[in-house]
Amino acid sequence: MNVFVAGGAGYIGSHTVRLLLEAGHEVTVYDNLSEGHASSVPVARLVRGDLADLDTLTAAMRAKPYDAAMHFAANCYVGESVTEPQKYYVNNVSNALNLLRAMRAADVGKIVFSSTAATYGTPVATPITESHPQQPINPYGRTKLMFEQALADYSRAYGIGYAALRYFNAAGAAPDGTLGEDHDPETHLIPLVLYAAMGKRDQVSIFGTDYDTPDGTCVRDYIHIYDLAQAHILALEAMRPGDRRTYNLGNGSGYSVREVIDTAAKVTGREIPHNEAQRRPGDPAVLVASSEKIVRELGWKPRFPHLESIIETAWRWHREHPDGYGD
Ligand code: UDP
């Protein structure tokens, strides 16, 4: 298939682009490089552009006969979404709708969308299945849910097919150490823990030790970036016009912040200096996925289901690239 990948130079996008190419698909990456890295994708496949720029976006999408789009070009920090909601509503909703407009203009009828566990809000049942109520508790989750709702309405009215993949916590790096996570500023737990192990940061803060969890710290379901990327390819290849699919993506096991720190200490053989800090606004205590639906319907099978192997790949990337992509 010929695939238009918005935000393909970011963390999840770049790993998905690599697996798309390995699976024999054609790929164009459309990215404004605000958070993405040009060197994380093959240079000939990169078109520099912004979702806000509808003319450039539409022209790029009309340049080739694309079979499908993937949408990774969103802001993704829960904490920032609480303090800067405008950024999230503009980019994750308004600019994202331009992608749907351009798809209609260019007659592209399928899309795989990066959604999130944050659309569920505080779980009323664990593990979370796709039919769990969606009541997000932060602006990030609300903007992602709004786009899911737009997809459903566009599908009913215009017949587009979509798969909304609700990610739990993406982590890890390409096993060969050539692609990985490089955010500026970095806010995610696993890279920050590894920065503390490397001495790139003095220490990592544990945000909240009084949650209703076994050790008082938040519990999350970490999924390896390659397993996440592979799910996009399965969803793309299975999609038919008019499909409305939603899939959770996690491993079904929860790890607390303290367990992540302990596992990272084991993997790296180093001490992880840490301190205890206040809760971060917008964080539910526990988020653990049931991914049985994608296993059953699409045969998804994670290659790196254990936290230790996820952290091992991340550690290789950070050790070999202490300055990330260096751009
Ligand atoms: N976290 C933490 N210290 C940090 C960063 C994150 O204790 O410096 C916690 C955070 O509160 C959450 C978990 O680690 O419970 C995962 O956070 P992350 O930002 O990696 O992903 P999110 O769950 O927001 O998608």
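The values are calculated or read from the model by the stated rules, or taken from the named source; none is laboratory data. All figures in this text were calculated on a predicted structure; none of them were measured in a lab. Glycine also receives a Cβ, built like all others from the backbone with ideal geometry; neighbour counts cover every protein chain displayed. Keep in mind that these areas ignore ligands, DNA and RNA; they rest on the heavy atoms of the full protein, side chains included. Shrake-Rupley method; radii C 1.70, N 1.55, O 1.52, S 1.80 Å.
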Self-check item: Percent of Cα pairs exceeding the 20 Å cut-off, where the set is the range 82-195
Solution: 53 percent
Quiz item: What order do Arg280, Arg245 take when sorted by accessible area (1.4 Å probe), most exposed first?
Solution: Arg280, Arg245
Quiz item: Which peptide among 282-293, 76-87 comes first, and what is the full order, when sorted by highest mean count of other Cβ atoms within 10 Å?
Solution: 282-293, 76-87
Quiz item: Expressed as a whole percentage, what fraction of the accessible surface of the range 1-73 belongs to carbon and sulfur atoms when a 1.4 Å probe is rolled over the protein heavy atoms?
Solution: 52 percent
Self-check item: Cα-only radius of gyration and Dmax that characterise the range 182-283, units Å
Solution: 16.8, 52
Quiz item: Carbon and sulfur: what percent of the range 201-327's accessible surface (1.4 Å probe)?
Solution: 44 percent
Practice problem: State the volume of the convex hull built on the alpha-carbon positions of the range 225-327, expressed per residue in Å³ and rounded to an integer. | Solution: 174 Å³
Exercise. For the range 221-230, take each phi angle, set θ = phi - 60°, evaluate the Karplus expression 6.51 cos²θ - 1.76 cosθ + 1.60, and give the result in whole Hz per residue in order, putting x for glycine and proline.
Key: 10, 8, 10, 5, 4, 5, 5, 5, 4, 4
Quiz item: Between Glu297 and Ser253, what FRET efficiency comes out of the Förster formula 1/(1 + (r/R0)^6) with R0 = 22 Å and r the beta carbon distance, rounded to 0.05?
Solution: 0.55
Exercise. Name the long-range amide H neighbours of Val219: under 5 Å, sequence gap of 5 or more, or other chain; modelled H, no Pro or chain starts.
Key: Val286, Leu287
Self-check item: Placed amide H near His188: partners under 5 Å, 5+ positions off or other chain
Solution: none
Practice problem: With 28 Å as the limit, write out which pairs from Lys266/Lys301; Lys200/Lys293; Lys200/Lys266 have Cα-Cα distances beyond it, or answer none. | Solution: Lys200/Lys293
Quiz prompt | Share antiparallel - DSSP beta bridges, the range 191-307, percent rounded to 5 | solution = 25 percent
Quiz prompt | Angle in degrees between helix 307-320 and the longest Cα principal axis of the chain, rounded to the nearest 10 | solution = 80 degrees
Quiz item: Pick from Gly254, Gly109, Gly299: which is most flexible by mean-square fluctuation in a GNM of the chain where alpha carbon atoms under 10 Å apart are linked?
Solution: Gly299
Self-check item: Orientation-averaged projected area, Cα convex hull of the range 10-148 (nm²)
Solution: 9.0 nm²
Quiz item: What is the Cα radius of gyration of the range 1-55 over 2.2 N^0.38 Å, N being its residue count?
Solution: 1.03
Quiz item: Regarding the range 236-283, what are the three Cα extents along the principal axes, ordered largest first, in Å?
Solution: 51, 29, 15
Practice problem: Give the cross-link partners of Lys144 among the lysines, using a straight C-alpha distance below 20 Å as the criterion and excluding same-chain residues fewer than 8 apart. | Solution: Lys87, Lys110
Exercise. Compute the semi-axes of the equivalent ellipsoid of the chain, taking the square root of 5 times each eigenvalue of the Cα gyration tensor, and list them largest first in whole Å.
Key: 31, 22, 18
Self-check item: Cα→Cβ-extended label distance, 7 Å offset, between Glu237 and Ala105, nm
Solution: 3.3 nm
